[in-house]
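Inspection log for the structure reproduced underneath, given as structure tokens.
The values are calculated or read from the model by the stated rules, or taken from the named source; none is laboratory data. Predicted, not measured: the structure shown is a model, and the values here were computed from it. For neighbour counting, all protein chains shown are included, and Cβ atoms are generated from backbone atoms with ideal geometry for every residue, glycine included.
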Amino acid sequence: MNTYRSLRESDGPAYDALRGEMKREEEGLELIASENTVSEAVLDALGSVFTNKYSEGYPGNRYYGGQDFTDVIETLAIDRVKRLFGAEHANVQPLSGASANLAAYAATLSPGDTVLGMDLSHGGHLTHGHPVTLPAKVFRFVRYKTEADGTIDYDKLEALAKKEKPKLMLAGFSSYTRQLDYERFASIAKKVGAISMMDMAHIAGMIAGKALPSPVPFFDIVTATTHKTLRGPRGGLILCKEAYAKAIDKAVFPGVQGGPHMHMILAKAVAFGEALRPEFRRYAKQVLVNAKALEKEFLKLGYEIVFGKTENHMLLIDTVKSRNVTGKEAQAWLDLAGISLNKNVLPDDPRGPLDPSGIRVGVPAVTTRGMKVPEMRTIARLIDAALRSGGDEKTLSGIRRQVKMLCKTFPIYR
Ligand SMILES: *Cc1c(COP(=O)(O)O)cnc(C)c1O
């Protein structure tokens, strides 16, 4: 692991904070469903001289000189990610998932157009039309919801689409645990003359690793983040059918972004290369196995699992119903126990987003560090002990010691 000698010598406070974060990640359980831990090769790429370079435009067609190597790495990233997902066209410049979505809207919509997107409290993402976001002020978002059993009623969705006549139909989520019927979703969009878009931010890694079905053949546009299950640097990604390629590229640059972050694009190329290897398929499969094992243990302990069950890398748990602990309390107590996860709203949550009724638990990061089914059982029991602690600091620091011991057996960086 990099010792960061130059940083230590030149900037004490910055170095100390970095050391603190490194220790926190090594000694704690990372269960935030949107997080992961990248390889040292990806870290090397992120810390490279490519951060110095301006390269507005696209390979072979840039606005500044000196592009010998930026063109090489961006082409490498594009070729690899197209192969990884079997996509017709790829844009690897979006700075984040939010910018990828913004560019996709800019490429397909005019102000006032209607978009169907999944309701936030039912698992959708802020960028899918939540009223606090800029896109929601520009476009008309209509939200659809999940049923009581956790599934989506596609007949209902079709009726809504026929009534609202959206220009864009948006699938995808950040706290929904069930598998979507991509073929049915895209066929509804086609029927009503809408463009179909899937935001696979959370599950891109499992799709790349062939552990979950791919939306890419069915949807006109697919957006993703590269830092969640895909295990690359923080960033975004857009895949699309050839017919949308020009509009997407123009929307990313100059539509909503300036110069691309080339160190990030180098790191994306490295991560896509890793995801093409057989080890990554084993990883993606293990993520699903681990999520199921965690679910099984929580069920045994009498917990209420939201949406009926998990079919991906995360669980939603109703902590109020299960242990009479709010999401905010659970998150704070678990933080003291060295376990990071997030409070989460549940479908039509009466408690609201600041202190919701549940938590979201994800296994991508602990799976990366090598944890398997036996550790999932331990993790469920540690979380249960923390939720039963009533916030007692002594109990929580006792759990923290157990967490630290468990983590010692599974080092992230050597
Ligand atoms: C995480 C996420 C995003 C946003 O990604 P950022 O990189 O944080 O901007 C967008 N859509 C979905 C579904 C997500 O889960």
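Inspect the stretch 32-53 for any residue being of a type in the set (F, W, Y) and either within 30 Å of K404 (Cα to Cα) or modelled with pLDDT under 95 (or both) and give the result as yes or no. Outline the logic, then answer.
Our first condition is that a residue be of a type in the set (F, W, Y); within the stretch 32-53, this holds for 50.
Cutting the leftovers down to either within 30 Å of K404 (Cα to Cα) or modelled with pLDDT under 95 (or both) gives us none.
No, the stretch 32-53 contains no residue that is of a type in the set (F, W, Y) and either within 30 Å of K404 (Cα to Cα) or modelled with pLDDT under 95 (or both).
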**Complete:** Pairs returned, first residue in the stretch 42-53 that is within 10 Å of V270 (Cα to Cα), second residue that is among the acidic types (D, E) and surrounded by 19 or more Cβ atoms within 10 Å (Cβ to Cβ), beta-carbon separation under 8 angstrom, 6 or more apart or interchain, are V42/E274
**Request:** Kindly indicate whether any position in the stretch 67-88 is aromatic (F, W, Y), within 24 Å of the chain's Cα centre (by Cα) and buried (at least 18 other Cβ atoms within 10 Å of the Cβ).
**Result:** yes
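State whether the residues of the stretch 395-410 include one that is of a type in the set (V, I, T), assigned to a helix (DSSP H, G or I), free of Cβ contacts under 8 Å to residues at least 12 places away in the same chain and surrounded by fewer than 21 Cβ atoms within 10 Å (Cβ to Cβ). Quick ask: steps written out before the conclusion?
Step one: list which residues in the stretch 395-410 are of a type in the set (V, I, T), which gives 395, 399, 403, 409.
Imposing the further condition that a residue be assigned to a helix (DSSP H, G or I) reduces the set to 395, 399, 403.
From what's left, free of Cβ contacts under 8 Å to residues at least 12 places away in the same chain: 395.
So of that shortlist, the ones also surrounded by fewer than 21 Cβ atoms within 10 Å (Cβ to Cβ) come out as 395.
Within the stretch 395-410 (the criterion being of a type in the set (V, I, T), assigned to a helix (DSSP H, G or I), free of Cβ contacts under 8 Å to residues at least 12 places away in the same chain and surrounded by fewer than 21 Cβ atoms within 10 Å (Cβ to Cβ)), the answer is yes, since at least one residue qualifies.
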**Request:** Go through the stretch 25-45 residue by residue and tally those that are surrounded by fewer than 19 Cβ atoms within 10 Å (Cβ to Cβ) and assigned to a helix (DSSP H, G or I).
**Result:** 7
**Request:** Filter the stretch 119-134 down to the residues that are touching a strand residue (DSSP E or B) at 6+ places or on another chain (Cβ under 6 Å) and within 11 Å of the ligand (Cβ to nearest atom), then identify the one that is nearest to T223 (Cα to Cα).
**Result:** H128
**Prompt:** K137 passes all but one of (1) part of a loop (DSSP other than H, G, I, E, B); (2) closer than 21 Å to S99 by Cα; (3) away from the ligand (no atom under 16 Å from the Cβ); (4) not acidic (D, E); which number fails?
**Reply:** (1)
**Message:** Which residue is surrounded by the most Cβ atoms within 10 Å (Cβ to Cβ), if the candidates are limited to the stretch 180-228 and must be more than 12 Å from the ligand (Cβ to nearest atom) and assigned to a strand (DSSP E or B)?
**Reply:** I221
**Message:** Within the stretch 313-366, take every residue that is assigned to a helix (DSSP H, G or I) and charged (D, E, K, R) and give me the one that is nearest to R24 (Cα to Cα).
**Reply:** D335
**Prompt:** Cβ-Cβ below 9 Å, separation at least six or inter-chain, first residue in the stretch 109-131 and over 21 Å from I188 (Cα atoms) and without any contact (Cβ under 8 Å) to a residue 40 or more places away in the chain, second assigned to a helix (DSSP H, G or I) and more than 10 Å from the ligand (Cβ to nearest atom): which pairs?
**Reply:** P111/V138; G112/V138; L126/L120; H130/L120; H130/A136; P131/K137
